[in-house]
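Nothing in this text is a laboratory measurement; each read-out follows from the coordinates by a stated rule. As the structure is a computational prediction, the values presented were derived from the model and not from experiment. No Cβ is skipped: glycine too gets one built from the backbone with ideal geometry, and neighbour counts run over all protein chains shown.
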């Protein structure tokens, strides 16, 4: 494998890396270039390299909400998995955490302190960076409820601190979904002095509920479609008889119809085709267009 060591750092940019190893779907082609920076200095060096090469870049974190094309992704894929710093400020009840910090781990960390505000996140297999971009949520809670600000870097290497209002949050959406930007870290405001045992119990209940009702034993991206309130996407899909429907190795999950799983040897094309089929059937039979939550990388 060809790799380039960036001057003045220990950071290596690797050529032709299989992204199927870094996504929860376990499908997809190669990144033309791939990097995992571990510090701000390395990130700066990466963006200087991007500017010199004049190539596009794509950000990824835990890869739990991505469907990567079988054709791969052109340019550089930057993975924030090593940006895991975590600073707790007890004076103002905030946590500042790196983009690569796992969301479930942070939920347990808050619960053990008796801090409320992240118990909804315990069953979401993503990272803070992705949660900020997607306005992740569950159990009637979301990132927009607790975010103070996020530090982001743009394609030209410039940095900006964006408030919750700046991010223009809506249901499962933010301004960052339309912009080429990398989330470096986020500061969250939580509610302290809640009974520790109570918070642990609530968090545990949320965790058990998600594990018992959703098929986490198979590769998936979590919920595929946004809920078209007041209806739930899973109910609509189940109601028209699509539970268990399969194209290639991609299947609408029996346990939860808003999950499309890799039942074995699925391709990204299988999953993409099944997503489109579900959309078409729900629109035809219910007159509702479902909007995917999953982010597509590459050409389909």
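What is the extension gain from residue 212 to residue 21, computed as 0.36 nm multiplied by their sequence separation minus the C-alpha to C-alpha distance, in nm to one decimal?
Additional length available on full extension: 66.2 nm.
For the range 86-212, take N as its residue count and report Rg(C-alpha) divided by 2.2 N^0.38 Å.
For the range 86-212, the normalised Cα radius of gyration comes out at 1.03.
Quick one: pull the percentage of alpha-carbon pairs in the range 3-79 with a separation above 18 Å.
35
With r as the distance between the Cβ atoms of residue 55 and residue 229 and R0 = 35 Å, compute the FRET efficiency 1/(1 + (r/R0)^6) and round to 0.05.
FRET efficiency, residue 229 to residue 55: 0.30.
Under Stokes-Einstein, with the Kirkwood radius over Cα pairs standing in for Rh, what whole-number D in µm²/s applies to the range 153-195 at 10 °C and 1.306 mPa s?
129
Suppose R0 equals 30 Å; then what is the FRET efficiency for residue 48 and residue 74 from their Cβ-Cβ distance, rounded to the nearest 0.05?
Efficiency at R0 = 30 Å is approximately 0.95.
In Å, what Rg and Dmax follow from the Cα atoms of the chain?
According to the Cα coordinates of the chain, Rg and Dmax are 19.4, 59 Å.
When a footprinting reagent is the concern and you count Cβ atoms within 10 Å, what order do 275, 161, 260 take, fewest first?
The most exposed by this proxy come first: 161, 275, 260.
How do 24, 287 rank when sorted from fewest to most other Cβ atoms within 10 Å of their own Cβ?
Ordered by Cβ neighbours within 10 Å, fewest first: 287, 24.
Taking the Cα-to-Cβ direction at residue 3 and at residue 193 and moving 7 Å from each Cα, how far apart do the two end points lie in nm?
The modelled label-to-label distance comes out at 5.0 nm.
How would you order 36-42, 194-200 from highest to lowest mean count of nearby Cβ atoms within 10 Å?
Ranking, from highest mean packing down: 36-42, 194-200.
With label points built 7 Å along Cα→Cβ from the Cα atoms of residue 205 and residue 38, find their separation and express it in nm.
About 4.2 nm separates the two model spin labels.
Roughly speaking, what is the stretch gain from residue 87 to residue 273, that is 0.36 nm per residue apart minus the C-alpha to C-alpha distance, in nm to one decimal? Could you put the intermediate results ahead of the total?
On the way: separation 186, 0.36 × 186 = 66.96 nm, distance 4.27 nm.
Residue separation times 0.36 nm, minus the Cα-Cα distance, leaves 62.7 nm.
Counting only C-alpha contacts under 8 Å and six or more residues apart, can you give the relative contact order of the chain as a whole percent?
About 17 percent, as a whole number.
Listing 95, 50, 288, 237 from the residue with the fewest other Cβ atoms within 10 Å to the one with the most, what is the order?
So the residues, fewest neighbours to most, are 288, 50, 95, 237.
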